[in-house]
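Here is the structure we will look at, set down as structure tokens.
The values are calculated or read from the model by the stated rules, or taken from the named source; none is laboratory data. Owing to the predicted nature of the structure, the values given are computational and were not obtained by experimental measurement. A quick note on method: Cβ atoms are made from the backbone with ideal geometry, for glycine too, and the neighbour counts reach across all protein chains shown.
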Amino acid sequence: MSDQIILKGIISECIIGINDYERKNKQKVIADITIFHDFLNLDDDIEKTINYSDIYKFTKKFISGTSYNLIETLGNNLAKKIIEEFNIKKIKIELFKPTVYEKDETVSIKLERELK
């Protein structure tokens, strides 16, 4: 399946990181999410597709309510929850921590999950 719904630049904040200074204040996390969904027989009916507005809201709320040491764990748990909540078969997520280093320097993780 090559049809994709892509959400880019979803900004939220959470406690993320292993360093003391990272544990004191929430940090910005930016999510790019790709959801794979067949568009072939949608018939212009929202009930036959994935409502990306719902994914957007869910992602912002989920991230803002978390506290993790590892961005990898945040990404894995976010993917798991989106798959469960929205009955998605395949998802790709990239999470960025844009404020962890100097200006214009960032770290990110990418993951892909697929139900078999």
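Just to be sure I understand, how many residues within segment 18-55 are within 21 Å of Leu115 (Cα to Cα) and either in contact with a His (Cβ under 7 Å, 6 or more places away or on another chain) or of a type in the set (Phe, Trp, Tyr) (or both)?
Of the residues in that region, 5 qualify.
When you go through (1) out of contact with any Pro (no Cβ under 8 Å at 6 or more places or on another chain); (2) at negative phi one by one for Thr106, which number turns out not to apply?
(1)
Going by the conditions given, is Ile33 surrounded by 13 or more Cβ atoms within 10 Å (Cβ to Cβ), over 13 Å from the mean Cα position of the chain (by Cα) and closer than 14 Å to Ser108 by Cβ?
When the stated conditions are applied, Ile33 does not pass them.
Take segment 55-85 and flag every residue that is closer than 15 Å to Ile6 by Cβ and not aliphatic (A, V, I, L, M).
Those that are closer than 15 Å to Ile6 by Cβ and not aliphatic (A, V, I, L, M): Tyr56, Thr59.
Based on this model, can you work out whether Lys80 counts as in a helix (DSSP H, G or I), touching a residue at least 40 places away in the same chain (Cβ under 8 Å) and not aromatic (Phe, Trp, Tyr)?
no
Suppose we keep only residues that are in contact with a Lys or Arg (Cβ under 6 Å, 6 or more places away or on another chain) and under 19 Å from Asn76 (Cβ atoms) within segment 90-110. Which one would you say is surrounded by the fewest Cβ atoms within 10 Å (Cβ to Cβ)?
By that ranking, first place goes to Val107.
Here are some conditions: (1) over 17 Å from the mean Cα position of the chain (by Cα); (2) surrounded by 16 or more Cβ atoms within 10 Å (Cβ to Cβ). Asp20 meets all but one. Which one does it not meet?
Checking Asp20 against (1) over 17 Å from the mean Cα position of the chain (by Cα); (2) surrounded by 16 or more Cβ atoms within 10 Å (Cβ to Cβ), the one that fails is (2).
For segment 43-53, give me each residue that is part of a loop (DSSP other than H, G, I, E, B), under 30 Å from Ile71 (Cα atoms) and out of contact with any strand residue (DSSP E or B) (no Cβ under 7 Å at 6 or more places or on another chain).
Taking segment 43-53 first, the residues part of a loop (DSSP other than H, G, I, E, B) are 43-45, 49-51.
Adding the requirement that they be under 30 Å from Ile71 (Cα atoms) leaves 49-51.
The answer is Thr49, Asn51.
Yes or no, residue by residue, for (1) touching a Pro at 6+ places or on another chain (Cβ under 7 Å); (2) part of a helix (DSSP H, G or I); (3) among the hydrophobic types (A, V, I, L, M, F, W, C):
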| residue | (1), (2), (3) |
| --- | --- |
| Ile33 | no, no, yes |
| Asn41 | no, no, no |
| Ile55 | no, yes, yes |
| Thr59 | no, yes, no |
| Glu72 | no, yes, no |
| Ile88 | no, no, yes |
| Val100 | no, no, yes |
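It is to be established whether one or more residues within segment 59-76 are touching a Phe, Trp or Tyr at 6+ places or on another chain (Cβ under 8 Å) and over 19 Å from Lys24 (Cβ atoms).
no
Of all residues in segment 21-34, which are farther than 18 Å from Phe96 by Cβ, out of contact with any Gly (no Cβ under 8 Å at 6 or more places or on another chain) and at pLDDT 90 or above?
Across segment 21-34, the qualifying residue is only Lys24.
Considering segment 80-106 alone, what residues qualify as being within 15 Å of the chain's Cα centre (by Cα), closer than 19 Å to Tyr68 by Cβ and β-branched (Val, Ile, Thr)?
Scanning segment 80-106 gives Ile82, Ile83, Ile91, Ile93.
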